[in-house]
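Colleague: Sharing a structure below in structure tokens format, with a few things to ask.
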Amino acid sequence: MTGAEIRRLLGKNLKRIRLQQGLSQFQLSMETGLTHNFINDIEKGDKWFSSESFGKLISALNIAPHCFFIPESGGNLVANADPYLIDFSDSLQKMAHELQQRYGNEPATPAAATGADKIVE
């Protein structure tokens, strides 16, 4: 995906979300402190925004940042995220298995019984 394609995707998603919430560009500009023209330019894909402006937009719209990155063709975020969730799940299972092997058979002993609370000089 090129930079221009990303700008267009973010702009289209911003407009879609704004309209779903019944906000005009002017109302969103009042909520964010960004100018109406700047919001219009973002929605058209003509301008990029800073992380500070991004934070203002997600706060004003009360949405998660990833909502701006949902592709038009596959609007189902869960389906798009499946490969990542599977990989994440596999990683968590491996980590849990390693922790179980490493610490699962050790008896639980209080710190006082092990002398861990004593100062060694």
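What follows draws every value from the coordinates through simple rules; no lab data is involved. In this text the structure is predicted, and so the values were computed from the model without any measurement. FYI the Cβ positions are ideal-geometry reconstructions off the backbone, even for glycines, and counts take in every protein chain you see.
Colleague: Taking only the alpha carbons of the stretch 3-69, what extent do you get along each of the three principal axes, in Å, biggest first?
Modeller: 27, 23, 21
Colleague: Taking 30 Å as R0, compute the FRET efficiency from the Cβ-Cβ separation of residue 37 and residue 64 and round it to 0.05. Kindly include the intermediate steps, with their values, before the conclusion.
Modeller: Values: r = 26 Å, r/R0 = 0.88.
The computed FRET efficiency comes out at 0.70.
Colleague: With a point put 7 Å past each Cα toward its Cβ, work out how far residue 101 is from residue 52 in nm, to one decimal.
Modeller: According to this spin-label approximation, the distance is 4.9 nm.
Colleague: Then there's this: Going by how many other beta carbons lie within 10 Å of each one, how would you line up 44, 94, fewest first?
Modeller: 94, 44
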